[in-house]
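Peer 1: First, the structure itself, so that you have it in front of you.
Just so you know, all these numbers are worked out from the coordinates, no wet-lab data involved. Just so we're clear, the structure is a prediction, and the values are computed from it rather than from any experiment. So basically every Cβ, Gly included, is an ideal-geometry build from the backbone, and we count neighbours across all protein chains shown.
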Amino acid sequence: MMTAANLSTLTPLLIVAAAAVGLLLMAALRRNEGVAAAWTVAALVLAAFAIRWVNASDRQVTPLLIIDDYSLFYFALIFLATAVTAALSYVYWRGQSEPVEEYYILLLCATLGAGVIAASTHFVSFFLGLELLSVSLYALIAYSRRSELGTEAALKYLVLAAGSASFLLFGMALVYAETGTMQFTRIATAIPGVHGVGRTTLSIGLALMTVGLGFKLALVPFHLWTPDVYEGAPAPVAAFIATVSKGAVFALLLRYFSQINIQEYASLDLAFTIIAVASMFCGNLLALLQNNVKRILAYSSIAHLGYLLVAFLSSGPLASVAVAFYLASYFVTSLGAFGVITVLSRAGDEPDTIDDYRGLVWRRPWVAAVFIAMLMSLAGIPLTAGFIGKFYLVAAGANSARWLLVFALVSNSTIGLFYYLRIVRALIDEPDNEQNRATDPPPVDWSGASILAFLTFALIAIGVYPAPLIQWAQRLVSYAMAGTGV
């Protein structure tokens, strides 16, 4: 039963939902691109600040949602990342003939779905949040009606997402058939009592759910949609998929499987280990063959989700802190990399290939510096957030004696450095005069410059002084993982 206290606890999610409805009404009365973007950013920042006043002592809001410190940590990441995405979207869509108010409504709906996923403790709320997120993404990917690549990418994502949803639903049904519940905590309690044929059915159900979640996270071998969708989607939407969409599902994955203690199930543990190693190697090796920057970032994201599985498969409080810190640093880095692509786009015409960025240091030096900083963070170079994040992943894996995963992470970080340096080399090459005139990037205005400056500051600050974020992760995530909420 919903009470006033529960409504107060749900304030961040209610703000996002109300913002979507309010923007829908505003668009019906008067269209204004700038107002829509400002409304979206303000609502998301307000929702993020509202987290400070939520009394989250493992408060269960009906059997479907729990608003604990773990949920609030991921709420903050999701809302702030989407606020940056909305600001980048204004830079991207400004001046185009297409109406964009509906774009921001879809972005808010997708954010609401991601928040519901992060707070879910029940299959029903998880699936509702997932579908709200997915349906919004279908439209966001294909939002530019002039882009044939966008339409193709949305269709591929629609078909494959529908297939993954069927795997998820069938897996949930099998788990429910053997445990008699859809609530995560009760499933964890009921699993030890399942034996014989029921144990086999339960294992099949968990395997089917792993397939569905693997698709949403773009893990190997469920990754084939990723490069096409990243390439076809508008740059801010690709940034949203790389960060918010995957971050919310990973938060759910961590919450769900920590309940059943994956280390106690050898077959499931082995399956995730194989997926992690395959994702790291396939993501990095396939990225070596690409010349399209967005496809490189797509394959890079596959590898980075494989890195995250190192901490996911480890045990102890260090693992949960490593996941939280790495996700936060990955959010900043990915938003910065796609932010550079966004500010260099002309009316939706994006710089695609590595050659489009050749000589950028000589034409837009500070934008090139931002891009280099983001690429170095993805590679895990010291003094960046990515270095500290990978250090914690290695520490978590070593702490649990996951030496195969640690070796795969370290070796793949070396492989990844090669294709990041390919882009860096193109950035610092000096083009001839004819190429310089033909590919001169557009000027970057104050709004795009402010966003990139903010992301660069966050990247360097986390890399040089990570203590506040680490302490926040330890205080919130470790508490939640050790408590009843997770």
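Peer 1: Would you work out which of Leu149, Phe331, Met374 lies farthest towards the positive end of the dipole of the stretch 4-482, given +1 charges on the beta-carbon of Lys and Arg and -1 on that of Asp and Glu, about the Cα centre?
Peer 2: Ranked along the dipole, the leading option is Phe331.
Peer 1: I would also like to ask the following. Only four residue types carry charge here, +1 at the Cβ of Lys and Arg and -1 at the Cβ of Asp and Glu. Report the dipole size of the stretch 4-482 about the Cα centre in Debye, rounded to the nearest 20.
Peer 2: Numbers: 25 positive and 26 negative charges, 132 e Å.
Taking the Cα centre of the stretch 4-482 as origin, the dipole is about 640 debye.
Peer 1: Treating the angle as unsigned and between 0 and 90°, give the value, to the nearest 10°, between the Cα long axis of helix 293-312 and the longest Cα principal axis of the chain.
Peer 2: Relative to the chain, helix 293-312 is tipped by roughly 30 degrees.
Peer 1: Let me ask something else about it. Whole Å is fine, so just give me how far the alpha carbon centre of the stretch 280-323 lies from that of the stretch 70-111.
Peer 2: A separation of 24 Å, based on Cα centres.
Peer 1: Another one. If you stretched the chain out fully between Phe170 and Thr189, how much longer would it get, using 0.36 nm times the residue separation minus the C-alpha to C-alpha distance?
Peer 2: Gain on extension, Phe170 to Thr189, equals 4.7 nm.
Peer 1: For a footprinting-style exposure proxy, rank Phe240, Phe222 by other Cβ within 10 Å, fewest first.
Peer 2: Numbers: Phe240 32, Phe222 23.
Ranked by crowding around the Cβ, least crowded first: Phe222, Phe240.
Peer 1: Arrange the following residues from fewest to most other Cβ atoms within 10 Å of their Cβ: Ile302, Ile428.
Peer 2: Lowest count first: Ile428, Ile302.
Peer 1: Taking the Cβ-Cβ separation of Gln96 and Tyr465 as r and a Förster radius of 41 Å, what is the calculated FRET efficiency to the nearest 0.05?
Peer 2: Computed FRET efficiency for Gln96 and Tyr465: 0.55.
Peer 1: What percent does the relative contact order of the stretch 4-482 come to when contacts are Cα pairs within less than 8 Å and at least six residues apart?
Peer 2: Relative contact order comes out at 16 percent.
Peer 1: How would the stretch 123-196 be classified by its alpha-carbon gyration tensor: rounded, prolate or oblate, with rounded meaning a/c under 1.5 and the a/b versus b/c comparison settling the rest?
Peer 2: Prolate.
Peer 1: Between Asp355 and Glu152, what length comes free when the chain is fully extended (0.36 nm per residue of separation minus the Cα-Cα distance, one decimal in nm)?
Peer 2: 70.6 nm
Peer 1: Got a sec? How would Met280, Met209 order by Cβ neighbour count within 10 Å, fewest to most?
Peer 2: The most exposed by this proxy come first: Met209, Met280.
Peer 1: Separate question: To the nearest 10 degrees, how steeply does helix 317-343 sit against the main Cα axis of the chain, on a 0 to 90 scale?
Peer 2: Roughly 30 degrees between the two axes.
Peer 1: Below 27 Å, Cα to Cα, which lysines can Lys390 reach? Residues fewer than 8 away in the same chain don't count.
Peer 2: Reachable lysines: Lys216, Lys246, Lys294.
Peer 1: Quick one: compute a quarter of the convex hull surface over the Cα atoms of the chain and quote it in nm².
Peer 2: Values: hull surface 85.4 nm².
Result: a mean projected hull area of 21.4 nm².
Peer 1: Please find the FRET efficiency linking Phe418 to Ile274, where r is the Cβ-Cβ separation and R0 is fixed at 22 Å, and quote it to the nearest 0.05.
Peer 2: 0.35
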